[in-house]
């Protein structure tokens with residue numbers, strides 16, 4: 001059997017970078033995780049890693065990056081491949097893609113949001129295999145969302161920004177919200193930092209059974225509900241650090257069932273919703289593998305032209 | 001120039017039926033509006049109209065219906081072309097499409113939601129000409145929404161149900177909401193009947209400047225905002241009877257601008273949003289013309305196969 005193409009992949013997160021060389025989930029040949037520090041230091045570390053990898057493994061066929069944002073994803077734009085106006089210190093305007101592309105000998109590139117990449121990975125090899133209408137919501141330092149309709153990522157006026165959905169406040173929540181634009185939008189109320197600011201304790205230390213999780217589940221269920229009413233997916237994947245909390249996924253499903261009240265009589269929405277709202281299944285490799293799928297998708301597209 | 005194909009079109013609304021024969025906006029050859037009464041009476045009236053039209057104009061090339069719902073739109077389903085479990089008396093389970101198709105001599109058919117049809121009409125000839133990412137929200141007896149992404153109507157788990165979006169309550173609104181499933185979802189709070197129940201006066205008699213319109217605009221702006229964060233359209237069309245109120249569209253734009261707070265720096269969202277949130281431009285013919293576009297689209301598709 002022909003080997004799948006070798007891809008240089010980078011999950012560029014606000015907290016850490018996961019870079020690797022892989023052909024698919026069973027063939028991750030190199031993987032390196034490093035903290036996201038200042039841009040110069042970080043980019044040069046990545047350049048070194050990719051250069052060394054090529055020296056040892058031979059040339060790759062494409063580079064694929066799934067990045068934190070906002071980032072310029074518009075092919076042909078003067079700042080394509082750059083990080084845009086992020087509050088992340090020193091990173092606004094940084095050209096991330098180009099030095100990496102050059103380090104790999106000028107291969108074809110694909111540059112996407114981290115959550116778009118994660119969604120593509122889960123559809124290719126993970127929790128949404130073979131589905132064509134999928135939402136991926138990641139709940140961590142920020143809240144991001146990706147939407148696939150009929151097998152394609154959705155863009156229109158830019159990409160989805162599900163973190164800034166407006167939700168109805170939980171009656172027992174008095175926290176003002178911390179989004180610098182919108183105050184109490186979804187991200188302002190339900191991201192990791194919002195949990196920490198509201199309860200004055202890190203989310204991982206908030207005990208199971210604390211009212212915090214009921215409130216959190218309420219907001220996330222509202223996001224699932226609104227996504228379902230606007231662009232009805234067959235499945236919603238809830239990922240990100242906050243979702244690792246024991247029992248949270250269960251609470252979200254429960255709340256969503258209450259919100260639906262039996263409206264929309266689809267098999268997918270019957271029962272306890274455990275096949276509708278699911279965790280990602282690629283674990284720590286989701287971002288990396290999403291990039292591998294993107295890179296291979298790019299090559300398929302170039303091959304078909 | 002070759003004439004565009006002649007389509008038998010039906011906008012099947014819960015209140016009235018608008019049937020016609022047309023080739024496009026400048027060639028509406030027959031048009032008849034009748035109230036939506038009991039199903040037998042209504043369907044036989046439509047059958048008569050279509051039979052007579054064919055006798056006078058000659059055969060049509062397709063039949064296209066944009067219907068109130070819920071309806072079975074799944075080609076191949078045993079109840080395809082039927083109205084499903086509507087609260088509208090006598091209409092649940094009624095086969096609407098088949099008798100009309102037979103009356104027209106068994107032509108190819110397309111059967112869609114009314115709001116999907118209206119969206120297609122506005123993209124073909126109206127307020128969203130040549131755009132590929134569009135939302136159409138209709139605010140009347142109910143609230144319905146249609147979503148186009150990359151030039152195609154969005155389906156996933158069924159079609160969008162934007163009337164059942166969850167919104168944050170306006171602080172001056174004490175009305176409980178009238179949706180029989182969800183109480184205070186968007187439709188429960190902002191449809192025509194909700195306005196009437198809350199203020200005990202018909203929406204058309206509520207004066208401009210009444211707080212009612214501020215509250216109404218708030219809910220509709222939230223819907224626009226959430227649509228924008230989930231499946232970013234280039235334009236949102238707000239139609240339906242309630243939207244005809246003088247000044248309401250302006251209030252929705254104003255409220256949406258406040259909600260956005262400058263987030264998302266796209267040209268389309270700069271200024272007063274008068275090119276982003278727009279009224280339909282096909283007026284009373286929107287539904288009918290949407291059906292004509294659907295019928296012609298079907299023929300293009302059949303021709304291409």
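The values are calculated or read from the model by the stated rules, or taken from the named source; none is laboratory data. On a predicted model such as this, the values are computed, not experimentally measured, just so you know. Note that we place each Cβ from the backbone using ideal geometry, even for glycine, and neighbour counts take in every protein chain shown.
Here are a few things to note about the model shown:
- Test: residue B:157 is in contact with a helix residue (DSSP H, G or I) (Cβ under 7 Å, 6 or more places away or on another chain) and surrounded by 23 or more Cβ atoms within 10 Å (Cβ to Cβ): no
- Test set (1) at pLDDT 95 or above; (2) assigned to a helix (DSSP H, G or I); (3) in contact with a strand residue (DSSP E or B) (Cβ under 9 Å, 6 or more places away or on another chain) - residue B:268 fails condition number: (1)
- Qualifying residue in the stretch A:198-220 (condition: closer than 30 Å to residue B:269 by Cα and facing chain B (nearest Cβ under 7 Å)): no
- Residue match in the stretch A:203-212 (condition: crowded, with 22+ Cβ neighbours inside 10 Å, assigned to a strand (DSSP E or B) and not assigned by TED's automatic domain parsing to the domain that holds residue A:294): no
- Single match in A:176, A:190, A:194 (criterion: touching a strand residue (DSSP E or B) at 6+ places or on another chain (Cβ under 8 Å), more than 10 Å from chain B (Cβ to nearest Cβ) and crowded, with 23+ Cβ neighbours inside 10 Å): A:190
- Complete set of residues in the stretch A:143-157 that are farther than 17 Å from residue A:73 by Cβ and more than 8 Å from every other protein chain (Cβ to nearest Cβ): A:143, A:151
- Condition check for residue B:77 on (1) outside any helix (DSSP H, G or I); (2) modelled with pLDDT of 95 or more; (3) over 19 Å from the mean Cα position of the chain (by Cα): one failure, at (2).
- Only one entry of A:33, A:42 meets the criterion of being under 20 Å from the mean Cα position of the chain (by Cα) and over 20 Å from residue A:300 (Cβ atoms), and that entry is A:33.
- Test: residue in the stretch A:158-170 that is under 19 Å from the mean Cα position of the chain (by Cα), within 12 Å of chain B (Cβ to nearest Cβ) and over 20 Å from residue A:233 (Cα atoms): no
- Subset of the stretch A:101-122 that is surrounded by fewer than 24 Cβ atoms within 10 Å (Cβ to Cβ) and part of a helix (DSSP H, G or I) - its residue that is nearest to the chain's Cα centre (by Cα): A:101
- Any chance residue B:119 is touching a helix residue (DSSP H, G or I) at 6+ places or on another chain (Cβ under 8 Å) and in contact (Cβ under 8 Å) with a residue 40 or more places away in the chain: yes
- All of A:285, A:272, A:267, A:218 fail the test of being surrounded by fewer than 14 Cβ atoms within 10 Å (Cβ to Cβ) and in contact with a helix residue (DSSP H, G or I) (Cβ under 9 Å, 6 or more places away or on another chain), apart from A:272.
- Residues of the stretch A:142-153 that are within 16 Å of the chain's Cα centre (by Cα) and surrounded by fewer than 24 Cβ atoms within 10 Å (Cβ to Cβ): A:142, A:152, A:153.
- Those residues of the stretch A:128-141 which are crowded, with 22+ Cβ neighbours inside 10 Å and either within 14 Å of chain B (Cβ to nearest Cβ) or in a loop (DSSP other than H, G, I, E, B) (or both), in sequence order: A:128, A:134, A:135, A:136, A:137
- Residue count for the stretch A:227-246, restricted to those that are part of a loop (DSSP other than H, G, I, E, B) and out of contact with any helix residue (DSSP H, G or I) (no Cβ under 7 Å at 6 or more places or on another chain): 3.
- Tally, over the stretch B:142-159, of residues that are in a strand (DSSP E or B) and touching a strand residue (DSSP E or B) at 6+ places or on another chain (Cβ under 9 Å): 10
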